[in-house]
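Coordinate-derived values only; no laboratory data. As the structure is a prediction and not an experimental result, all values here were calculated from the model. Ideal geometry is used to build each Cβ from the backbone, glycine not excepted, and the neighbour counts take in all protein chains shown.
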Amino acid sequence: MITHNRGIAQTADRVLQVSVFDRIMGNTKYGLIGIQLDSNATEETIAEIRSLENDDIIITDQRESNKQNNATYLAVRIVCYGFLATVGIISLFNIVNSISMSVSARIKQYGAMRAVGMDNRQLKRMISAEAYTYAISGLIVGCGIGLSLNRFLYNRLITHYFGIEWSFPILWFGSIVAFIFIFAIVSVYAPSKRIQNMAITETISEW
């Protein structure tokens, strides 16, 4: 219902714009034809199109402006994806550092549990459970806030002006989930390996 009302409002705006144009310019019949060429178009084709220009036909070549727009769009994408890559790297180090610090803070407890019979597999499972808890809770909070903000900005900047409805970003969401869980698995390896290489007596003597 909201989309329908917005479409009616946009149609009314276009009718108003045409009416204002007619009042300013008078009853002028005009038409606009856009010709889109592929990258294989030759200069002979461009010259043949330009030969059609006369007093009644005005031809404008927008290839240079389109190249500038494409270059600007590419630069913006590079900046945005570079920013996302930086955030991803920071997230990676944060995950690894959080697990490592948590394990280091309880290394004496892990040593005590090894002394009473915990094997390396059980130790790795305990560290993995902690890493997955961090990953899942971070995903719930981060994706909840991120998706809400994404939908709000999309509706304000895209839907409001262009009428394109927001859709759930399944590909990006799946990539983020896979990214977090892969690095959660990676973050378990170093702390568990460090504890396994330590002698039980070493950790017990420090407890």
State the extension gain, in nm to one decimal, for the chain segment bounded by ALA115 and PHE93, taking 0.36 nm per residue of separation less the distance between their alpha-carbons.
4.8 nm
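Could you line up GLU48, GLU130 from fewest to most neighbouring Cβ atoms inside 10 Å? Intermediate results must be reported in sequence, preceding the final value.
Values: GLU48 10, GLU130 19.
Starting with the residue having the fewest Cβ neighbours, the order is GLU48, GLU130.
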Relative contact order (percent, whole number), the range 63-206, Cα cutoff 8 Å, 6+ residue spacing
45
